[in-house]
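*Asks:* This structure is in structure tokens; I'll ask about it shortly.
The values are calculated or read from the model by the stated rules, or taken from the named source; none is laboratory data. No experiment lies behind these values; they were computed from the predicted model shown. Quick reminder, even Gly has a Cβ in these numbers, built from the backbone with ideal geometry, and neighbours come from all protein chains shown.
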Amino acid sequence: MISGTETFVEKDSKLYQNYDHLYLNLFSTQSIVVLVEGDDVKTPEVMKSMNRLEKQVDPLSGVVQVTSAASIVEEMNYQKIGKREIPDTKEEINSLLSNTNTGKTLPDDTHALVFVEVEGDISNDELRDILHETEKSVSMTGFPPGYSVTVTGEPAFSLAMEELMNESMPPLMAIAAVLMIIALYLVFRHVRWRLLPLIIVFLGIIYTFGAMGYLEIPMSMVSMSAFPILIGLGIDYAIQFHSRIEEELERLHDEKEAVIETVKHTGPAVLIALIITSLGFVSLYTSTVPMVQDFAKLLLIGVIMCFLSSLFVGVSVIYGLDSIFKKNNKLINAINSKIKYDSNSNSGKNTEEQKNDIIERYIDKVTSFTIKHPVTILLIAGLLCVSGLYVDQDVPLETDTETFVPQDMKALVEMQHLFDIISGNDQLNLIIKVDDNTDPQILKWMDYFSNHEIETRDNIYDSSSIVPIIKSMNSGTIPDSSDKIQELYNQMPDGQKERYIHGNTMLLMNLDMGDAMSNLGLEGIDELVKVVRKDISWTQPPADADVTITGNSVVFTTVITALTSGRIAMTLLGLSLIFAGLLFIYRDWLKAITPVITMFMVVGWAGGVMYYSGIKYTPMTATLGALILGIGSEYAVLMMERYFEEKSKGENPIEAMRESSRKIGKAIVTSGFTTVFGFSALLASPFSMNRNFGLVTVIDVGLALLATFIVFPAVIILLDGHREKKKQKKQNISSSTDNSKEADA
């Protein structure tokens, strides 16, 4: 399992080098915030409680620094009377505070903040320990009655979200399993051992984990979402083999022959479907985000493992079970009353078989209607597709991560309350590389530039760097000599100095953007970065200074843009790869174009449904087009394979289509319903992004099923019928030519 910058950004990219190597490793800290609220937070009792809290938390491993108004008062009092203590009167405290800038530690008279700064690259386990120790210390420091004390901040929110995700996964998996069992019971009635596909697909998932281990492919938070997709795809392979071997057992009454016929006909069909599905997933490699590329690798490995599990294990198990049951006459006689293939019961079908026939009859009716009106069907489907593609560009994109979690989540409510008080905590981090960081000219430029940005840019509210500290130590001015600056550096506590200085050649300046993600959004932050970059060039830093803009906001904006942009191009690439793959396999333009037309309709329909239902794209669903191509094209390929198999037996196109939809239709419906039921479990997730992903997937799989039984028959009948007519016309011309030659002879 991996997390961190390398899952979002390529390691050899400049963005990664600037953020991870320079900012995170050298300067970055993250703050757990203790929010104190009450009638008056400047009283000696409150100040002393905050001071005790600081002293308890500061020694913890991983804590860089603890700051609050209490530590500022203590330091000011030391400079005044030579004692590090909190005064006993409110008047003395107010007097000390009036001569200093408390920053965000004292937003107003009713709120005070204690910032527990921890290392930026600390592990989640270490961060969780610090958070728990901070909460324990808060309960022990004895804040006065009537005051509310809350431990919050982005680290606390992230840990709470991770905990909620872990808690929600087992129930969701259980719901998915129950729903898939229900789907198999409802739709997969025409076979024995109807739950066996679930066991086979989970075996394929285990194989996938093993392959990932051997190939050293890591898990990330995005690749974990591949497993519901693999279950949906893998169960389709298991169902296709299961359904076909039962069909052959009914027809042949010989296990060995049934296995041979199943592998001979279904094996190549499912293998071709797997190849085409994989080509759809290959388009995910165009993403510049490493975890999306790992997601594609996981999907490719997973479909192969599920195929092997279905072919070798699934077929073998059914063969073995059928042999065992046939040897035991009592068992076989009991089962013969329930299974369809027993020749003695063909004359009197039971209730379960009648229910199965309902599905078969509906499929036959839909197919027959489509075959009778192919032009009308395709015109309507095409218009809906084009309109869907047109409005898809206007489907809104949701990138505010706070909306992805439950809005009543305690940690979120507390963090939002904190941001209401301090106006957010988003920053642009400027790393300034110089020859000598004691050069007065560079510090003066930093002072000028930070003031310029605060005064001229509405969305830059404050700044922090080594400059205000130097000025406070030198009567409000920057020294004119490097020696004096070095002397002041030497007087600073290491923790304070290391926040803004690294070695002798690097400085950090933070520009506070408030709650930029909510107020500006991705495009606004991107525009602000461009403005700041232009301001740097206009204000002309010293010749030896190289200024790099980085930070969490810059990286997040870049990654979200990479995740959500180019979805149409990615989908078109997937369609092109599928067409090229089918053309290479079949050497037949009709077999190559038919599934592509079918899936292209689904892509357009999906965009229309998203727009008119008001569903937003998220980073999780923006690339779903490539996934749906992979999932949906499989249905079309399997239907096409069965169509040409039936046609090879001498059937005309219409009868071949009806026969193939009757024989393989139930298996495709079963697979689709099982996938839909499985993904429906995500609708119970407390996270809106998961619910959105589940809903969009359910809709798209449903549309893929609809297209398989409505669009595909219309396309294949028109195209193949046209080819048959041309072929017949050529034969007639050739025959008449031969007759003329005979007559002449």
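*Asks:* List every residue pair whose Cβ atoms lie under 8 Å apart, where the two residues are 6 or more positions apart in sequence or sit on different chains, the first residue falls within segment 301-323 and is surrounded by fewer than 23 Cβ atoms within 10 Å (Cβ to Cβ), and the second residue, located anywhere, is β-branched (Val, Ile, Thr) and not in a helix (DSSP H, G or I).
*Replies:* The qualifying pairs are ILE301/ILE217.
*Asks:* Does ARG642 satisfy the condition of being among the basic types (Lys, Arg), modelled with pLDDT of 85 or more and crowded, with 24+ Cβ neighbours inside 10 Å?
*Replies:* Working: among the basic types (Lys, Arg): yes; modelled with pLDDT of 85 or more: yes; crowded, with 24+ Cβ neighbours inside 10 Å: yes.
Taking the combined requirement at face value, the residue satisfies it.
*Asks:* On to the next question. Does THR708 fit the bill of being assigned to a helix (DSSP H, G or I), of a type in the set (S, T, N, Q) and crowded, with 24+ Cβ neighbours inside 10 Å? Spell out how you get there, then give the answer.
*Replies:* Values: assigned to a helix (DSSP H, G or I): yes; of a type in the set (S, T, N, Q): yes; crowded, with 24+ Cβ neighbours inside 10 Å: yes.
So THR708 passes the test.
*Asks:* Something else about it: Looking only at segment 157-198, which residues are of a type in the set (Val, Ile, Thr) and surrounded by 15 or more Cβ atoms within 10 Å (Cβ to Cβ)? Let's see the steps before the verdict.
*Replies:* First, the residues of segment 157-198 that are of a type in the set (Val, Ile, Thr): 175, 178, 181-182, 187, 191.
Residues satisfying the conditions are ILE175, ILE181, VAL187, VAL191.
*Asks:* Which condition breaks for TYR185 when tested against (1) in contact (Cβ under 8 Å) with a residue 60 or more places away in the chain; (2) aromatic (Phe, Trp, Tyr); (3) in a helix (DSSP H, G or I); (4) more than 19 Å from PHE227 (Cβ to Cβ)?
*Replies:* All conditions pass for TYR185, except number (1).
*Asks:* A follow-up question, please. Need the failing condition index for LEU230 against (1) surrounded by 21 or more Cβ atoms within 10 Å (Cβ to Cβ); (2) touching a residue at least 60 places away in the same chain (Cβ under 8 Å); (3) closer than 20 Å to LEU215 by Cβ, just the number.
*Replies:* (1)
*Asks:* Ok, one more. Restricting attention to segment 141-153, which residues are out of contact with any helix residue (DSSP H, G or I) (no Cβ under 7 Å at 6 or more places or on another chain) and on the phi < 0 side of the Ramachandran plot?
*Replies:* PRO145, SER148
*Asks:* If you take the residues of segment 393-415 that are in a helix (DSSP H, G or I) and at pLDDT 85 or above, which of them is surrounded by the most Cβ atoms within 10 Å (Cβ to Cβ)?
*Replies:* Here is the first cut: in segment 393-415, the residues in a helix (DSSP H, G or I) are 401-404, 410-415.
If we keep only those that are at pLDDT 85 or above as well, we get 410-415.
Details: LYS410: 13, ALA411: 21, LEU412: 18, VAL413: 15, GLU414: 19, MET415: 23.
Once the filter is applied, the top-ranked residue is MET415.
*Asks:* Which condition number does ILE81 fail, the rest of (1) more than 22 Å from SER158 (Cα to Cα); (2) in contact with a helix residue (DSSP H, G or I) (Cβ under 8 Å, 6 or more places away or on another chain); (3) of a type in the set (A, V, I, L, M) being met?
*Replies:* (2)
*Asks:* Considering SER278, SER310, SER323, SER243, which residue is assigned to a helix (DSSP H, G or I), under 27 Å from the mean Cα position of the chain (by Cα) and of a type in the set (Ser, Thr, Tyr)? Show your work before the answer.
*Replies:* On the way: SER310 fails: under 27 Å from the mean Cα position of the chain (by Cα); SER323 fails: under 27 Å from the mean Cα position of the chain (by Cα); SER243 fails: under 27 Å from the mean Cα position of the chain (by Cα).
Just one listed residue meets the conditions, SER278.
*Asks:* Any idea which of PRO59, PRO44, PRO107 is surrounded by fewer than 20 Cβ atoms within 10 Å (Cβ to Cβ), closer than 28 Å to LEU412 by Cβ and at pLDDT 85 or above? Before the answer, list the steps.
*Replies:* Details: PRO59 fails: closer than 28 Å to LEU412 by Cβ; PRO44 fails: closer than 28 Å to LEU412 by Cβ.
Result: PRO107 is the single residue among PRO59, PRO44, PRO107 that is surrounded by fewer than 20 Cβ atoms within 10 Å (Cβ to Cβ), closer than 28 Å to LEU412 by Cβ and at pLDDT 85 or above.
*Asks:* Looking for whichever is out of contact with any Pro (no Cβ under 7 Å at 6 or more places or on another chain), crowded, with 20+ Cβ neighbours inside 10 Å and at pLDDT below 90 here; the options are LEU572, LEU627, LEU563. Which one fits? Full working, then the answer.
*Replies:* Values: LEU572 fails: crowded, with 20+ Cβ neighbours inside 10 Å; LEU563 fails: out of contact with any Pro (no Cβ under 7 Å at 6 or more places or on another chain).
Result of the check over LEU572, LEU627, LEU563: LEU627.
*Asks:* Just one of the numbered conditions (1) at pLDDT below 90; (2) farther than 30 Å from THR277 by Cα is not true of ASP535; which one?
*Replies:* It fails just one condition, (1).
Here is a yes/no grid of residues against (1) charged (D, E, K, R); (2) over 29 Å from PHE687 (Cβ atoms); (3) not assigned by TED's automatic domain parsing to the domain that holds VAL66:
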{"position": "LYS90", "(1), (2), (3)": "yes, yes, no"}
{"position": "LYS104", "(1), (2), (3)": "yes, yes, no"}
{"position": "SER148", "(1), (2), (3)": "no, no, no"}
{"position": "LEU184", "(1), (2), (3)": "no, no, yes"}
